[in-house]
4 protein chains.
Amino acid sequence: MTQVTVWNEFRHERQNDTVAAVYPDGIHSVIADALDEAGFETQTATLDEPEHGLTEAVLDDTDVLTWWGHAAHDEVRDEIVDRVCERVREGMGLIVLHSGHYSKPFTRLMGTSCSLKWREAAETERLWVLEPGHPIADGIDEHIEIDEAEMYGERFDIPAPDTLVFTSWFEGGEVFRSGCCYRRGNGRIFYFRPGHETYPIYHNESIQRVVANAVAWAAPDDGPTPTFGNAEPREDIDTSDERSVH
Amino acid sequence: MTQVTVWNEFRHERQNDTVAAVYPDGIHSVIADALDEAGFETQTATLDEPEHGLTEAVLDDTDVLTWWGHAAHDEVRDEIVDRVCERVREGMGLIVLHSGHYSKPFTRLMGTSCSLKWREAAETERLWVLEPGHPIADGIDEHIEIDEAEMYGERFDIPAPDTLVFTSWFEGGEVFRSGCCYRRGNGRIFYFRPGHETYPIYHNESIQRVVANAVAWAAPDDGPTPTFGNAEPREDIDTSDERSVH
Amino acid sequence: MTQVTVWNEFRHERQNDTVAAVYPDGIHSVIADALDEAGFETQTATLDEPEHGLTEAVLDDTDVLTWWGHAAHDEVRDEIVDRVCERVREGMGLIVLHSGHYSKPFTRLMGTSCSLKWREAAETERLWVLEPGHPIADGIDEHIEIDEAEMYGERFDIPAPDTLVFTSWFEGGEVFRSGCCYRRGNGRIFYFRPGHETYPIYHNESIQRVVANAVAWAAPDDGPTPTFGNAEPREDIDTSDERSVH
Amino acid sequence: MTQVTVWNEFRHERQNDTVAAVYPDGIHSVIADALDEAGFETQTATLDEPEHGLTEAVLDDTDVLTWWGHAAHDEVRDEIVDRVCERVREGMGLIVLHSGHYSKPFTRLMGTSCSLKWREAAETERLWVLEPGHPIADGIDEHIEIDEAEMYGERFDIPAPDTLVFTSWFEGGEVFRSGCCYRRGNGRIFYFRPGHETYPIYHNESIQRVVANAVAWAAPDDGPTPTFGNAEPREDIDTSDERSVH
């Protein structure tokens, strides 16, 4: 059974009444409940817990990690970021949500700024499925419509996705690559744009379905663990060369 | 006219007689001479110069930077790495050579470990052209043969290249993605495997041709500089929403 | 339960004693048995059956089709090829094996010649896993070694794969992209190189495992069926323009 | 000097007054004039000329072919389509414009239906640059705005582009991958969406600039011509195996 850890910064919900009204128990609890109902074994972790809730023991029990952060990216300690990135390289799935585009794990794994345009105007977003045959589009209509969304607009400074599943249309005139698949090391990463602290987007069933699909897609298989470093030849060759500075 | 800066760690050549015999004036001088002859305006820079030779002024005159390092990756100062990566994002081309796979700029821009298998046995390498229609294969035969090479073998822990131009065969039984194109920010990056301090590979004309082709391919155009951050709508929409934690 | 139809030209086995000794009941029966054991519901179909065994009824019961052909590609009737390609576009998975690279369904879906170099010398092939985190590499070691194989060599005239899972090394000096994933329409396609009529490659357990993994990967989900053609606007816009030649 | 042949169906302009008012000498003449001014050597060819104007002699003098067709795709003879596709595989560039998505050369080279949604409502299109560092975006702003355009909407049934340079926003609520790069054989293909017979889009300077950039990008280099078929080994191996059905 796939084990998911739902990570949340969990600050806005405790500090801002508008956010608290939408997510009284935190964004993580809504996502975790949805994943639980979808059949995953879920736990949650938040920034202000010891080690941000992401101890080695917790990660040992994590097949896929989902990440939501916004205002406190800088407070995530580098050693925990190293730990998360290392786990991804070993095969752990990572689902990065909305403002998590600026999180340390995502920017480090992408190697780019992950900058974008944004606007808070409660405008319409329409996510179009570009790859209807991809498992992350399972059970989804040709598009998902969100009445009130924060706008994210291109240029989104990311590496071109290995697979681009969704692209968003915004009422104010922009487009955005809103569902992006990557492989890094043995791990799979999905960036999914929707979700904002002041709009009830994670209560939307289609959005919950996409997140669940992404978790299923990102769950690790039992592929080979690569060996690195000095390697004996597979064929019978002369290895007597001594010109080396090692 | 495209301006190229050829960067070299330049330690082995000064410390090891075998290397000095192959590259008496440094690997950088052989590469720079070849690029000069190919019609580029070239300068060189090395680790032990102030700011590693990569001052803002030097980078202002650099369209494409080539990078060779091996034993002293850790001595490259982080602020210079930041500077190089920032320039790549702004459009500067970057050609990463051989053991530069472990350099700070490359690993940071890739977001992965860039680990691989290796072996020094002076064995045959044969680089096969996978994309004969790519500009980096201009003037190259179906394959390039190198009599004596260090082996690099898969798994090469990189993001899947945007375009894979060459794959190498090694006598000892391994394969390797040896010519890899990436876009990061506005910049283009090409990783090219051949080249080792104890073998005269950068004297090989086909290898020189590939490096020159790569420089031409990576030279920046005059595309748009993206604007990031809060953006006014392009369409006439209601922006009166006040639910914000910003 | 995923339903697989294993298609085979089934001529060599009936006409050539060497082949018959390796595959007495046909290549298809060995593949089908392996897939059956892996938990799939399997049936077989061959060229000389009515409609090549690929009636609409058979395809209605097919989630994934595997394809092996060699000497009689031209005898596959175009209307059956149309049918197969149409099913792929609707979501059916397609696993193309070895000499199937020249089959009508594959070349048509690729849009290229799918030409390559080849040699029959019973030489060693070593398939290296390039993407250890891909589901098709599940349960596979870092490489698969085949003692006696026909060589296929680059340039393989295909579109660059969406994901390249395996690359082969050959004793005679060539490399080959031997495990290639594509999406076409709603369907997923995997080309897998190993397997030859005179060598017992489909009896190899690792090869069987890859084929089974590929079938699992290619099995369709329930994504949206795109609608095409004239479309009403999603937003309230003026549609009174009458400048049309339709 | 790069030689371009601008192909046009050239029927609407002779049969429909609205179209004739926008393109009195045909869409091809406007495109050819723009390319001529951009420094290319141009000629034109149209459907109703002998061999559709695409004789072997004309193609011998063609580095890049641009293609506009709409109502008479079926009238393009298969032998001419074969000829064009063969030239692309040999290295000729192909720029497919707007309704050319349904042309025989494009659908055959893609291997998919190339279907899409469409609507003629003279609505706003805004093409956003996704890859500002790509040569086809040279000299272009962050977006191109077209006041009156035909809408094309996703799902666009194409293979995922090797590089996606533009994505369009439409006033009526759709998005579309409007600038798509492919490699097929030794040739480069660019699909560019804008341009419609009843709107003066090919008179737009930014659109002309993109077409010129695309021609420059698609012009062939002098890469290797692959050899296919039976191949001698590059290494000294035993080739005495006689188990063959060839």
Is it true that D:Asp63 is surrounded by 15 or more Cβ atoms within 10 Å (Cβ to Cβ), among the acidic types (Asp, Glu) and away from chain C (no Cβ under 14 Å)? yes
Note on segment C:19-51: residues assigned to a helix (DSSP H, G or I) and over 18 Å from the mean Cα position of the chain (by Cα) are C:Val19, C:Ala20, C:Ala21, C:Val22, C:Glu37, C:Pro50, C:Glu51
Evaluate segment A:187-200: report whether one residue or more is part of a loop (DSSP other than H, G, I, E, B) and either at the interface with chain B (Cβ under 9 Å from one of its Cβ atoms) or hydrophobic (A, V, I, L, M, F, W, C) (or both). yes
Per-region count, segment A:56-80, residues assigned to a helix (DSSP H, G or I) and within 24 Å of A:Thr2 (Cβ to Cβ): 6
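Matching residues to (1) over 19 Å from D:Gly91 (Cβ atoms); (2) of a type in the set (D, E, K, R):
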{"position": "D:Gly223", "(1), (2)": "no, no"}
{"position": "D:Asp236", "(1), (2)": "yes, yes"}
{"position": "D:Asp241", "(1), (2)": "yes, yes"}
{"position": "D:Val245", "(1), (2)": "yes, no"}
Could you tell me whether segment B:102-122 includes any residue that is more than 12 Å from chain A (Cβ to nearest Cβ), assigned to a helix (DSSP H, G or I) and modelled with pLDDT of 95 or more? no
Within segment B:86-101, tally of residues that are in contact with a strand residue (DSSP E or B) (Cβ under 9 Å, 6 or more places away or on another chain) and not in a strand (DSSP E or B): 10
With respect to C:Ala160, is the statement that it is surrounded by fewer than 24 Cβ atoms within 10 Å (Cβ to Cβ) and aliphatic (A, V, I, L, M) true? yes
Subset of segment C:50-85, residues under 25 Å from D:Ser244 (Cβ atoms) and either among the aliphatic types (A, V, I, L, M) or touching a strand residue (DSSP E or B) at 6+ places or on another chain (Cβ under 7 Å) (or both), comes to C:Thr66, C:Trp67, C:Trp68, C:Ala71, C:Ala72, C:Val76
Just checking, which of C:Arg108, C:Arg119 is touching a helix residue (DSSP H, G or I) at 6+ places or on another chain (Cβ under 8 Å) and farther than 20 Å from D:Arg188 by Cβ? C:Arg108
Unmet requirement for A:Thr239, which otherwise passes all of (1) within 14 Å of chain B (Cβ to nearest Cβ); (2) closer than 30 Å to A:Asp138 by Cα: (2)
Just the residues that are over 23 Å from D:Gly111 (Cβ atoms) and in contact with an Asp or Glu (Cβ under 9 Å, 6 or more places away or on another chain), please, taken from segment C:59-92. C:Asp61, C:Ala71
Which of the residues that make up segment D:1-40 are within 14 Å of another protein chain (Cβ to nearest Cβ) and under 16 Å from D:Val96 (Cα atoms)? D:Glu9, D:Phe10, D:Ile27
Inside segment C:113-171, can you point out the residues that are hydroxyl-bearing (Ser, Thr, Tyr), over 21 Å from B:Asp162 (Cα atoms) and in contact with a strand residue (DSSP E or B) (Cβ under 7 Å, 6 or more places away or on another chain)? C:Thr124, C:Tyr152
Of all residues in segment A:201-229, which are among the aromatic types (Phe, Trp, Tyr) and either more than 10 Å from chain B (Cβ to nearest Cβ) or surrounded by 23 or more Cβ atoms within 10 Å (Cβ to Cβ) (or both)? A:Tyr202, A:Trp217
Is it true that B:Gly172 is more than 26 Å from A:Arg183 (Cβ to Cβ), in a loop (DSSP other than H, G, I, E, B) and either within 14 Å of chain A (Cβ to nearest Cβ) or within 14 Å of the chain's Cα centre (by Cα) (or both)? yes
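Does A:Arg83 satisfy being assigned to a helix (DSSP H, G or I), within 14 Å of chain B (Cβ to nearest Cβ) and not hydrophobic (A, V, I, L, M, F, W, C)?
Details: assigned to a helix (DSSP H, G or I): yes; within 14 Å of chain B (Cβ to nearest Cβ): no; not hydrophobic (A, V, I, L, M, F, W, C): yes.
So A:Arg83 fails the test.
The values are calculated or read from the model by the stated rules, or taken from the named source; none is laboratory data. Nothing here was measured: the structure is a model prediction, and the numbers come from that model. Neighbour counts run over all protein chains shown; Cβ positions are idealised from the backbone, glycine included.
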